[in-house]
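Accompanying notes for the structure given below.
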Amino acid sequence: MAQKHKFDYDLIVIGSGAAGSTAALAATKKGKKVALIDGDVFGGESANWGDVPSMALLEATNLFTSARHGSRFGLRSATLGYNYPAILAWRDKAIKRGGSADNRKFYESAGITTYASNAYFLTPHEISVNRTHLTADKFVIATGTHFASPDTYGIETVKYHTLRTIFDTKRIPRNLFIVGSGPEAIEDASIFAALGSKVYISEKAVHILPDFDQEVGALLADYLHEALGVNILTQTQVSEVAPKGVGTNITYTRGAVSRNVQVDSVLYSENRTPTVDLGLENAAVEYTMAGISVDDHLRTSARHIYAAGSVTSPNVGTQVAMLQGRSAAFNLYSKSPSNPDQSLIPRLIHTNPGVASVGLSGIDCLKRDLAINSAVVPLSQIPRSNTSDFTKGFVKLIADKKGQLLGGTIVAPHASEMIQEITLALAQNLSAAEIARLPHGFLSWSEAIRAAASKLA
C-alpha cells in the first residue's frame with residue numbers, strides 16, 4: 001500500500017488581507033493545520049491603509065463639514081477648527097482597535113502559524129519562505145495587488161502618492177491633484193477638501209465614478225464642487241508631470257486644449273496590478289498580468305491551489321474578497337463546492353451624501369439588453385430632507401417589466417445603512433409592490449425607498 005505524503009501544513013495561505021485572513025481563519029475553525037504568510041503588513045490593505053483608516057478619517061471630516069455649516073440650524077460654528085495630528089491619532093486608534101492591523105499575534109492567537117516573508121513556489125506543494133522550505137497539501141493565494149508606476153511622461157522625475165501613501169503626510173497639502181475618480185479617490189478628495197486643500201480630480205471618462213450610473217457621478221460632482229470646492233476635470237488625460245519648485249507641474253489635455261496646473265501633491269488612485277511574482281510557473285498555476293486565472297469555485301489550474309481576492313482581478317473589493325476567502329476555504333475541503341454569489345454585495349462610498357448600490361445598475365441592464373422599468377425619487381420629495389435641510393440625493397430602483405426588483409442605488413446620508421433594505425428585498429425576491437406596501441418609519445430617509453417602489457408597483 002502506497003504511503004501517504006506528509007506535509008508540514010494542511011493549508012498554506014499566502015497573503016493576510018481580506019481574502020487570505022478570512023480563508024486562514026475559516027480553515028483553522030475546521031481543525032486544519034494552517035500557516036499564514038505575508039511579506040508586507042499583516043492584515044493587508046483594508047485594515048492598515050484602506051477601509052478602516054479611510055472610514056475613520058471620513059467620520060471626522062464629515063462631522064467637521066456638517067458642523068461648519070451648522071449656522072442654518074442656529075449653531076455658532078463658523079470659527080470651528082481642527083488639529084490634523086489629532087485627527088491622524090484618531091485614525092491610528094481606530095486601526096489599532098480593529099485588532100488585525102499589523103498584528104501577527106491576532107492570527108497566532110487563533111491557532112495559525114505566521115511567517116513574515118515573501119513566498120516563492122519551488123514545486124506544486126513546496127514554497128520557500130525566509131530561506132526555509134515549507135510544504136502543504138493545499139494552498140490559497142491571496143497576495144492582492146500593488147501599485148504599478150503610472151504611464152505618464154516624466155513620472156520618474158517627481159514624487160507622487162498612491163492610495164497607500166497619501167495619508168503618510170504630516171500636513172494637509174495646499175493643493176492636491178488626483179488622477180482617477182473611483183470610490184477611494186472620491187473619498188480621499190472629500191477628506192482633503194474638507195480640511196482646506198484645493199483639490200482637482202481628473203477622469204478620462206465623461207463622468208466621475210464611471211462604474212456607477214451617470215446620475216451618481218453627476219450628483220457627486222456637483223456636491224463636491226459646490227460644498228467643498230473640488231475642481232472636477234472629466235474627459236481629461238494627464239500627459240506629463242515635471243518637478244517645479246517644491247511641487248509638481250501637471251500638464252493635462254481636456255478636449256483639444258492643453259493646460260497646466262502646479263500642485264503640492266499628486267495622487268495616482270489607479271494602476272493596481274495583481275501581485276503574481278511568486279513562482280507560479282513552478283506550481284503549474286496559470287496567470288496573466290491581469291491576475292491568476294480561476295474557475296467558478298476559485299480553483300486555479302492546479303487542483304490543490306485556490307486563489308481569492310484582488311490577485312484574481314484588480315477590481316475585487318474588500319467585501320468580495322472576504323466572500324471569496326470563505327468560499328475558497330469551504331471549496332478546498334468540500335465534495336460539493338459552491339460558487340460565491342457576489343450579486344448581493346453592496347458597493348459603498350462613504351462620502352456625505354454617501355453612495356450605495358446593490359444588484360443590477362442601469363449600466364448592467366444596458367449591457368445585458370434587459371427590458372426594465374426604473375424609478376428615481378429625489379430626497380427633496382420626502383419630509384426628512386426638510387428637517388435635515390439636505391436635498392442632495394436620490395433613490396433609484398430598477399425592476400423588470402413584471403415589477404420584480406433587480407437593483408437599487410442610493411445617494412443620501414446613511415446610504416450604506418439604507419441599502420440593506422434593498423439587499424434583503426433582492427435576497428428574498430421581493431417585488432417593488434411588496435416593498436411599497438411595507439410600512440416605513442415617518443421622517444426617515446428610507447421613505448425614499450418606499451416612494452421609489454411605489455412608482456414601480
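The values are calculated or read from the model by the stated rules, or taken from the named source; none is laboratory data. As the structure is a prediction and not an experimental result, all values here were calculated from the model. Positions of Cβ are generated from backbone atoms using ideal geometry, with glycine treated the same way; all protein chains shown enter the neighbour counts.
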Take the conditions of a type in the set (A, V, I, L, M), within 13 Å of ILE37 (Cα to Cα) and buried (at least 17 other Cβ atoms within 10 Å of the Cβ) and apply them to ALA116. Does it pass? no
Within the stretch 259-268, of all residues that are surrounded by fewer than 18 Cβ atoms within 10 Å (Cβ to Cβ) and out of contact with any Ser or Thr (no Cβ under 6 Å at 6 or more places or on another chain), the one farthest from GLU156 (Cα to Cα) is ARG259
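Can ARG97 be described as more than 24 Å from PRO173 (Cα to Cα), not small (Gly, Ala, Ser) and not assigned by TED's automatic domain parsing to the domain that holds ILE191?
On the way: more than 24 Å from PRO173 (Cα to Cα): yes; not small (Gly, Ala, Ser): yes; not assigned by TED's automatic domain parsing to the domain that holds ILE191: yes.
Yes, satisfied.
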Could we say that LYS244 is farther than 24 Å from GLY317 by Cα, basic (Lys, Arg) and surrounded by 16 or more Cβ atoms within 10 Å (Cβ to Cβ) here? no
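For the stretch 390-398, state whether one or more residues are over 30 Å from LEU228 (Cα atoms) and not hydroxyl-bearing (Ser, Thr, Tyr). Explain how you work it out, then say what you get.
Quick first cut of the stretch 390-398, residues over 30 Å from LEU228 (Cα atoms) only: 398.
Add one more test, that the residue is not hydroxyl-bearing (Ser, Thr, Tyr), and what stays is 398.
Yes.
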Only one of (1) surrounded by fewer than 19 Cβ atoms within 10 Å (Cβ to Cβ); (2) over 26 Å from ALA193 (Cβ atoms) fails for SER361. Which number is that? (1)
Exactly one of GLY441, GLY403, GLY393 is more than 16 Å from GLY359 (Cα to Cα), small (Gly, Ala, Ser) and surrounded by fewer than 20 Cβ atoms within 10 Å (Cβ to Cβ), and that one is GLY441
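Here are some residues: PHE177, PHE139, PHE167. Which one is in the same structural domain as ILE292 (by TED's automatic domain parsing) and aromatic (Phe, Trp, Tyr)? Full working, then the answer.
On the way: PHE177 fails: in the same structural domain as ILE292 (by TED's automatic domain parsing); PHE167 fails: in the same structural domain as ILE292 (by TED's automatic domain parsing).
Of PHE177, PHE139, PHE167, the one residue that is in the same structural domain as ILE292 (by TED's automatic domain parsing) and aromatic (Phe, Trp, Tyr) is PHE139.
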In the stretch 422-457, what count of residues is obtained for those that are in a loop (DSSP other than H, G, I, E, B), in contact with a Ser or Thr (Cβ under 7 Å, 6 or more places away or on another chain) and without any contact (Cβ under 8 Å) to a residue 40 or more places away in the chain? 1
Filtering the stretch 33-53 down to residues that are in contact with an Asp or Glu (Cβ under 7 Å, 6 or more places away or on another chain) and over 23 Å from LEU122 (Cα atoms), which residue is surrounded by the fewest Cβ atoms within 10 Å (Cβ to Cβ)? VAL41
Taking only pairs six or more apart or across chains, which ones have beta-carbon atoms under 9 Å, a first residue in the stretch 369-386 that is basic (Lys, Arg), and a second residue that is in a loop (DSSP other than H, G, I, E, B) and loosely packed, with under 14 Cβ neighbours inside 10 Å? ARG384/PHE442; ARG384/LEU443
Tell me, please, whether a residue that is more than 18 Å from ILE449 (Cβ to Cβ), in contact with a Gly (Cβ under 7 Å, 6 or more places away or on another chain) and loosely packed, with under 15 Cβ neighbours inside 10 Å can be found in the stretch 312-327. no
Need pairs with beta-carbon distance below 8 Å; first residue under 23 Å from HIS225 (Cβ atoms) and within the stretch 344-355, second surrounded by fewer than 22 Cβ atoms within 10 Å (Cβ to Cβ) and among the β-branched types (Val, Ile, Thr); sequence gap 6+ or separate chains. ASN352/THR65
Considering only the stretch 268-297, state which residues are under 20 Å from the mean Cα position of the chain (by Cα), of a type in the set (A, V, I, L, M) and modelled with pLDDT of 95 or more. ILE292
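Only one residue in ASN282, ASN271 is surrounded by fewer than 19 Cβ atoms within 10 Å (Cβ to Cβ), under 30 Å from GLN237 (Cβ atoms) and in contact (Cβ under 8 Å) with a residue 60 or more places away in the chain, so which one is that?
Values: ASN282 fails: under 30 Å from GLN237 (Cβ atoms).
Of the residues listed, the single one that is surrounded by fewer than 19 Cβ atoms within 10 Å (Cβ to Cβ), under 30 Å from GLN237 (Cβ atoms) and in contact (Cβ under 8 Å) with a residue 60 or more places away in the chain is ASN271.
Going by the conditions given, is LEU57 crowded, with 18+ Cβ neighbours inside 10 Å and over 30 Å from PHE139 (Cα atoms)? Show your work before the answer.
On the way: crowded, with 18+ Cβ neighbours inside 10 Å: yes; over 30 Å from PHE139 (Cα atoms): yes.
Yes.
Do you know which residues across the stretch 17-35 are among the β-branched types (Val, Ile, Thr) and either assigned to a strand (DSSP E or B) or free of Cβ contacts under 8 Å to residues at least 12 places away in the same chain (or both)?
Within the stretch 17-35, just VAL34 meets the criteria.
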